[in-house]
């Protein structure tokens with residue numbers, strides 16, 4: 001984290017004085033195992049089937065697609081990071097939890113509090129701030145007790161918070177209901193479309209780019225994030241860290257069929273990596 005900008009005026013011929021550097025802290029996340037399984041009997045694989053040659057190949061494709069959907073669900077939500085135990089699996093903290101725990105909301109002018117880390121759409125800012133344990137976010141952010149439609153004021157405040165902390169939030173991630181709200185924002189721009197004389201004129205009812213004082217932002221629809229949240233992200237500081245990449249393999253036979261698990265294998269060990277304090281330069285409007 002850089003020091004705040006300020007006046008810096010040196011004296012001619014003055015001796016230098018030194019300050020100690022603050023070492024960065026290492027924060028972490030847990031690797032979460034994602035898995036899908038399916039069973040195909042030898043008979044089903046041998047007979048002729050409608051629309052596919054191999055039931056095993058089809059099963060692996062379907063389960064891998066399902067795995068990817070679960071993957072996106074885990075990445076974008078407000079799940080906490082847990083170490084797991086003898087009867088429970090490890091879970092990774094999602095984007096919401098990282099952002100809510102470390103956002104210094106410059107739009108409000110304060111450091112993180114229960115009312116500024118996650119902005120409510122009503123005057124009753126009763127949102128809560130997640131906390132960390134041993135460098136891993138351990139408490140999920142929650143929304144206010146009441147909700148309202150997303151407004152340009154809230155969205156701009158979230159973008160300002162990210163920008164003021166050094167970020168360049170080029171991506172706005174949202175669900176369909178919030179995308180509709182963004183499409184309805186009034187603006188100073190008038191839409192003009194060049195249409196060839198031989199083609200029909202399209203009806204434009206959507207905005208895929210939102211331009212604010214803080215840059216040009218691509219609005220991206222997402223099916224699996226929470227409907228009460230819009231994420232304003234700087235993609236340069238988010239990544240997925242793999243311990244084991246997705247793969248598919250057959251398990252040992254115990255009968256007349258193929259047993260397949262689908263985890264980063266259709267089987268996967270991975271986690272969300274928030275690098276270089278990127279959680280502080282992304283934001284969300286709830």
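Under the condition of being assigned to a loop (DSSP other than H, G, I, E, B) and modelled with pLDDT of 85 or more, the residues counted in the stretch 228-250 number 1. In summary, residue 99 fulfils each of the numbered conditions (1) surrounded by fewer than 13 Cβ atoms within 10 Å (Cβ to Cβ); (2) under 28 Å from the mean Cα position of the chain (by Cα); (3) outside any loop (DSSP other than H, G, I, E, B) with the single exception of condition (1).
Matching residues to (1) without any contact (Cβ under 8 Å) to a residue 40 or more places away in the chain; (2) farther than 27 Å from residue 232 by Cβ; (3) touching a strand residue (DSSP E or B) at 6+ places or on another chain (Cβ under 6 Å):
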| residue | (1), (2), (3) |
| --- | --- |
| 22 | yes, yes, no |
| 45 | no, yes, no |
| 65 | yes, yes, no |
| 69 | no, no, no |
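Residues in the stretch 1-42 that are in a loop (DSSP other than H, G, I, E, B), closer than 24 Å to residue 243 by Cα and either at pLDDT 80 or above or touching a helix residue (DSSP H, G or I) at 6+ places or on another chain (Cβ under 9 Å) (or both): 27, 28, 29, 30, 31.
Here is the figure for the stretch 43-60: residues that are touching a helix residue (DSSP H, G or I) at 6+ places or on another chain (Cβ under 9 Å) and assigned to a helix (DSSP H, G or I) total 6. Considering the stretch 156-171, the residues that are outside any loop (DSSP other than H, G, I, E, B) and in contact with a helix residue (DSSP H, G or I) (Cβ under 7 Å, 6 or more places away or on another chain) include one that is modelled with the highest pLDDT, namely 171.
The values are calculated or read from the model by the stated rules, or taken from the named source; none is laboratory data. Computed from a prediction, not measured in an experiment: that's the story for all the values here. Every residue, glycine among them, receives a Cβ derived from its backbone with ideal geometry; neighbour counts consider all protein chains shown.
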